[in-house]
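Quick notes on the structure that follows.
None of the figures in this text is laboratory data; all of them are computed from the coordinates on show. Remember, predicted model here, so these are calculated numbers, not experimental data. When we count neighbours, we look across all protein chains shown, and the Cβ atoms used for this are built from the backbone with ideal geometry, even at glycine.
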Amino acid sequence: MPRPTLIRPTLLAVALMAIAVGMAACTSPLTTFEPASDAADRILSLYILITVAASIVGILVLGAMAYILIKFRARPGRKAQQIHGNNKLEIAWTIAPILVLVAIAIPTMVWIATSSSRAVADDAILVTATGYQWWFEFEYEGLGPDGGTLVTANELHLPVGRQVAIELRSVDVIHSFWVPALIGKTDMVPNRENRLEPFVPNEIGEFWGQCAEFCGVAHANMRFRVHVESLADFDAWVAEMNEQTRADPEPGSAEARGKRVFEVLGGCAACHTIAGTAAAGRIGPDLTLFGERTTVGAGILPATDENVRAWVSDLRSVKPGARFMPTFADTLSEAQIADVVTYLKSLRVP
Amino acid sequence: MVALANIGLIPRPVHPTGVWSWLTTVDHKRIGLLYGFTALAFSILGGIESLIIRAQLAAPNQSIVSPETYNSLFTMHGTTMVFMVVMPAGAAFFNYMVPLQIGARDVAFPRLNAFSYWVFLFGALLMNFSFFVGAFPDIGWFGYAPLTTNEYTTTGATDYWLLGLQVMGIGSLAAGFNFAVTILNLRAPGMTLMRMPLFTWMTLIVAFLLILAFPPLTIALTFLLFDRFFDMNFFNVSAGADPLLWQHLFWIFGHPEVYVLILPAMGIVSDVLPTFSRKPLFGYPMIVFAGIVIGFLGFGVWAHHMFTTGLGGWASAAFAGSTMVIAVPTGVKLFNWLGTMWGGSLRFKTPMLFAVGFIAMFLLGGLSGVMHAVVPVDTQQQDTYFIVAHFHYVLVGGSIFGLMAGLYYWWPKMTGRMLSERLGKWHFWLMFAGFNITFFPMHFLGVIGMPRRIYTYDADQGWAALNALVSAGSLVLTFSVLLLLVNLAISLRRGEKAGDNPWEAPSLEWATSSPPHHYNFAVVPTVRSRYPLWDEEANVVEPPPLPPHEEPHMPSPSYWPLMLAFSIVMLAVGLLIWQWHALIGIGFIVVMMVLGLRSIYGWVYEPPAVEAPAAVHAHT
């Protein structure tokens, strides 16, 4: 028979690993390798520690095994040694993994102790994130009109360098809040009040989030974005969100026609809120300043006119299984839908 | 008593061959084969499900299947592979081999053994039958509440899922009791516990795990059943339920279940390594003890499946600690296996290749498992493809590779014919390569953020290239399994005759003929050492086959296990009918209860054996 060794599979595994690492280096918006907050930084350093430790153990053991397989392969004249065991050796290799595990357990326990007891700073941004099938709602405590709540959906805005403390809720099934660049995931469980470890985003940018617990048909399409921006940009966004008297669009314009469709003819306002207008529905996502959003459909499509039109006309063609919202292609004309899209896209910070 | 026993409407089956002989068999070897073929059939189904999944994910934004179908596919792939493939494949070996390994003529309760098989088969069929009445279940193999409640799952497939699982659980419990009693009570003279082959030891531990782990699942499923059928509120969140109740119950079952799936493979590897290293197991007592410790600790790690549910600091710390602790006995086993090969004269026959592959792949799965015990790291990896990679290394690279070692090792004993070594080696290397191409890149997909259970992803998410590689690997893996099927078919038709002990193995199953007589051993052997066929002084010699009139009396076939299993699955069907029409459902349930009680009655008063028909004829 051919020389029986593990050299072939080992080489194969190494080659595969090299290819895979090369591919992994291509950027993915949900990668855990590009942390943008203090919390994600800490997790990544622990990940590197445990990965290095596991790789060393793996290589040593596989190496020892390869050595054994080659050295002790059957050859003419070789007699197997009739050994039944060796107490000292066996005690040694019981203790060795214990030592490695203690070395891993210590930083793990330190992390658990510090992250679960981390205090919320006085100036922290307080957010309640709520999971719905299949989108996210965000409520900022105290940032709304008259110190009330400020509501937005699917795109969370945060100022860079300020601590944020997020509470997690769900109104239907279990969802999970995950922004790999900012924080590890925690589930949104109905009837429970989970909290994320307070964290400080330390980089300006747009970060991807994703529901990470299987929650039904459109689970794959339940995504969101986090915009970490300068304090000035954040304040401007908050101020505009709270604007209570939004100027009506110029009469006769596409925006004005779209607003009328939104509030009256299409009935959109029954479910959606646009602060500062007559639209005050609370069933679907809040659409205030929708024009500032980079995505439509809970983070799944870039918010181009075309995509927003596709969404309003027939949302289930882009997000199969989506609940509640009617297919407006059935009830509104193409022109009316186009007007609504123009109106929605016009809702911007001036 | 005899009069009572004869109340049966149908005469007791006595045919030694044909369909009826298989339907009514109580022979542990035949039941083992039934489990084996069933596992093989379901593995083809589960494999097809996974191939459709891989086709869908091979490129971004594909719509080969709808999201509903995709969710059904991953639900049924997981449920099928765990409950209808790896569990029955393990059961096939422990049914066939344990009585032989301990020098017994059969298990302690042969009819209960048949009942376990039939109730398992009917439960599995019931669950899969959902396909014909609409769709497969689509709630994940873990069935997290409240997604499974009536409010969020409108299709009836979830009912089939929970009833099928509940029915299959009865079979697992019965098998657990049967094998615990068999191993503890039916060992041949001199076969002390510390002389048992490791596969029998691991089966004993699995038997206790089944007995202790299935009740929590039964309770969880009963709660869900009451919620879904009778509008109760165990998991109804609008009535204030805490959905984590389901997760705790499910994982108190679910983690020991992982050891139910892996311990038989560890037992097989512990038997294969000494045979092909030509030396005794290194540190036998430590390997046994490590198995027992794993069995106990397996009940104390369940919440590591729930680190992201908001358990709080103390619970997270406790379960992170226990998860790290369970790595110790696992490591001990692994080092002792290496010690077994050290100083040996290693023969790389196909069973040995799979056993060595098992060690390497299980090592990788174990290491990535320890990585999850680091809670912060788990918060990034939970529900990503990193987890998918991890448990496939444990359940395919571990369990399936171990079971393959067992199949190549024991096939000659079970069929009397050898498998082709050449095809076997091709099978191993292709499976090894295909497995690693399929599952190793999933680690990277996980850390670059690809979540599990998504039916689609966008091109700009950066996962396309690795997914294409993974899907290509799955084709290699599939091809290797086809080679196995070819190998099995060729062996059955014209495989080389095996002889009693083709591998020169040390344990008792190799003392009898291949395949064994229906009574296993003409003379129950007396055991004087841990390796009875290697130890010349303690050598066990099986006498030539007995003439028919001197054959030991074995329990006769029986209809009742089949009938009772049928009536139990029909009670579950009765509930489904009740949903559609209450009165008809209740009527159906009553009829099936009567049938079930009649079966129990017939079973209880059935004498252990009837005389052969020829003899009956001679008397009249």
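General remarks:
- Spin-label pair residue B:245-residue A:243: with each label point 7 Å from Cα along the Cα-Cβ axis, the two points sit 5.0 nm from one another.
- Candidates A:132, A:67, A:140, ranked by Gaussian network fluctuation over chain A, Cα under 10 Å, top entry: A:67
- Whether region A:254-345 is rounded, prolate or oblate, judged on the alpha carbon gyration tensor where a/c under 1.5 counts as rounded: rounded
- Region A:195-269 and region B:471-542 have their alpha-carbon centroids 67 Å apart.
- Gyration tensor (alpha-carbon) shape descriptor, region A:32-116, a/c threshold 1.5: oblate
- Restricting attention to the protein assembly as shown, close to 70% of DSSP beta bridges with both partner residues there are antiparallel.
- Over chain B, Cα pairs under 8 Å with separation of 6+ residues give a relative contact order of 18 percent.
- Multiplying the residue separation of residue A:232 and residue A:52 by 0.36 nm and removing their Cα-Cα distance gives an extension gain of 60.7 nm.
- Using R0 = 22 Å, the C-beta based FRET efficiency linking residue B:55 and residue A:27 works out to 0.25.
- The C-alpha atoms of chain A define a longest principal axis, and helix A:231-241 lies at about 40 degrees to it.
- Sequence-distant residues sharing a close amide H with residue A:136 (under 5 Å, placed H): A:154
- Stretch gain in nm, segment residue B:318-residue B:238, where the contour uses 0.36 nm per residue and the Cα spacing is subtracted: 25.7 nm
- The C-alpha atoms of chain A define a longest principal axis, and helix A:334-345 lies at about 70 degrees to it.
- Cα shape, chain B, gyration tensor, a/c 1.5 rule: oblate
- Here the calculated FRET efficiency for residue A:260 and residue B:581, from their Cβ-Cβ distance with R0 = 60 Å, stands at 0.70, rounded to the nearest 0.05.
- Note on chain A: GNM, Cα springs under 10 Å; of A:121, A:129, A:54, the largest mean-square fluctuation is that of A:54.
- The label-point distance for residue A:94 and residue B:69, in a model that sets each label 7 Å from Cα toward Cβ, rounds to 5.5 nm.
- Qualifying aspartates and glutamates (Cα of each under 16 Å from Cα of residue B:349; at least 8 residues distant if same chain): B:271, B:421, B:496, B:504
- Nearest-ten-degree value, helix A:87-116 long axis tilted from longest Cα axis of chain A: 20 degrees
- Other-chain or far-sequence residues with amide H under 5 Å of residue A:158's (modelled H): A:227, A:228, A:229
- Taking label positions 7 Å along the Cα-Cβ direction at both residue A:82 and residue B:131, the computed distance is 5.4 nm, reported to one decimal.
- Listed residues A:136, A:234, A:324, most fluctuating in chain A (Gaussian network, C-alpha, under 10 Å): A:324
- Treating r as the C-beta distance of residue B:590 and residue B:41 and R0 as 51 Å, the FRET efficiency rounds to 0.95.
- Potential lengthening of the chain between residue B:492 and residue B:231 amounts to 88.7 nm, from the contour at 0.36 nm per residue minus the alpha-carbon distance.
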